[in-house]
1. How long is the stretch 235-362 along each principal axis, judged by its Cα atoms, biggest number first, in Å?
2. Under unit Cβ charges (Lys, Arg +1; Asp, Glu -1), what dipole magnitude, rounded to 20 debye, does the chain have relative to its Cα centre?
3. Measuring from label point to label point, each 7 Å out along Cα→Cβ, what is the Arg125 to Thr284 span in nm?
4. Mind sorting His333, His349 by how few other Cβ atoms lie within 10 Å of their own Cβ, fewest first?
5. Quick check: Cα centre of the stretch 28-70 to Cα centre of the stretch 185-260, how many Å?
6. Would you tally the net charge around Arg249, using a Cβ to Cβ cut-off of less than 13 Å, leaving Arg249 out, and scoring K and R as +1, D and E as -1?
7. Of Lys322/Lys343; Lys146/Lys322; Lys56/Lys146; Lys56/Lys322; Lys133/Lys194, which ones are farther than 26 Å apart at the Cα?
8. Translational diffusion coefficient, Stokes-Einstein: compute it for the chain using the Kirkwood radius over C-alpha pairs as Rh, at 4 °C and 1.567 mPa s, and state it as an integer in µm² s⁻¹.
Amino acid sequence: MTGEQTEKSAEQPNQHHKPFLSLLTQKETDPLPSSPPVWMMRQAGRYLPEYREVRKQAGGFLNLCYNPELAAEVTIQPIRRYGFDAAILFSDILVVPDALGQSVRFETGEGPRLDPLANAADLARLDPSNTDKIFSHVYETVDRIKSELPDETTLIGFCGAPFTVATYMVAGRGTPDQAPARMMAYRDRDSFQKLIDMLVDTSIDYLRGQIDAGAEVVQVFDSWASVLSDDEFDQWCLEPMVRICNGLRQYHPQVPIIGFPRAVGPLYRRYVEKTGVNAVGCDTSLPLEWMRDELQPLTVVQGNLDPILLLNGGPQLEQRVKRIIETLSGGRHIFNLGHGIIKETPPEHVAQLVEYIRAAAG
Ligand code: 1CP
């Protein structure tokens, strides 16, 4: 055995027990698993009665995010129920602005609220030097999850991509088209660039901390990338993601990175080529044949079942699961939704989905 092989097996114990991690780290020519590994975006959440129970106990949503015992519990709930191949850390992308000093509130029945960032003076009040006070709760959660998770389950850490996080920081809330951040990017390019740069550096630190605490894969959510023109996409989404990937790989070259530039259509290809992400999250609108022909030769594809179809259930769900698996089974594929699970989804539909996936692959 060569020195290199010895080192690799010492670094990655149990990897052969972890179908999700194996798929992300194997060579393109290695044999494929008999069925695609599966997990679901927002798999821990309000559609599960056991989540709602813990959420009540925790008080506010951020209290849940910063309580390692409870956050670990809700992370593991969907694994117990469904045996997904991966668990995703329970937290939120808005922990980052909270850690930078732009405090975040979640009001009941409404989305997140922050004091909007309007100009250079607001930006100057952010403090990137003191984020560990908040991040350490998350790292403790990761450590706890790791000790409680079954050996075969991979733990995913995550953060929001700089542009998506910036849209909430500038508007102070979710909006239908995230116009406030797009306006700031045109009107005060220097300030917006400073904000993105701060988020790039903080995201690298934060993901690095999650990996040091035990995350085995990371996903970067760019849920709002699709509101930008192609040139703006290059500047605010692509280039920052290249810096995050390069920055992280300096410390953790072996840890797979999944990018999710939601709904960017043909720009997906450029994103994969330029960032070198180990897998790409595909939204529901991306044609399966296009994913197969344009993306799968370059990277692992993840997706892309319509969350509304999962909410609906029934024979159409089964047919679509079959078609997704048949179309993508010639290459590397992780089964997932095209976006987060909807909170009204009956938990039985999710159990059925997992059955369909395993049956479709035979
Ligand atoms: O009341 C509650 O319990 C709050 C609902 C909730 C949950 C369950 C929020 C508020 N965040 C989360 C958890 C969460 N958020 C996870 C946990 C892990 C898992 O997937 O199981 C993750 C990965 C996120 C990521 C996230 N938060 C994104 C990116 C992914 C996506 O869905 O596009 C975004 C945009 C957010 C912001 C956010 N947090 C919460 C809400 C309701 C929103 C959207 C706000 C809006 O745009 O109006």
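Rule-based calculations on the coordinates, nothing more; no lab input. Remember, it's a predicted structure, so these values are computed and weren't measured experimentally. All Cβ positions, glycine included, derive from the backbone under ideal geometry; neighbour counts span all protein chains shown.
1. If we take the Cα atoms of the stretch 235-362, the spans are 45, 31, 27 Å.
2. Values: 35 positive and 48 negative charges, 100 e Å.
I would put it at about 480 debye.
3. With each label placed 7 Å out from Cα toward Cβ, I get 3.8 nm.
4. Details: His333 28, His349 17.
Result, fewest neighbours first: His349, His333.
5. 22 Å
6. Details: positive: Arg208, Arg243; negative: none.
It works out to a net charge of +2.
7. Numbers: Lys322/Lys343 24 Å; Lys146/Lys322 33 Å; Lys56/Lys146 24 Å; Lys56/Lys322 38 Å; Lys133/Lys194 23 Å.
Pairs exceeding 26 Å: Lys146/Lys322; Lys56/Lys322.
8. Roughly 62 µm²/s, to the nearest whole number.
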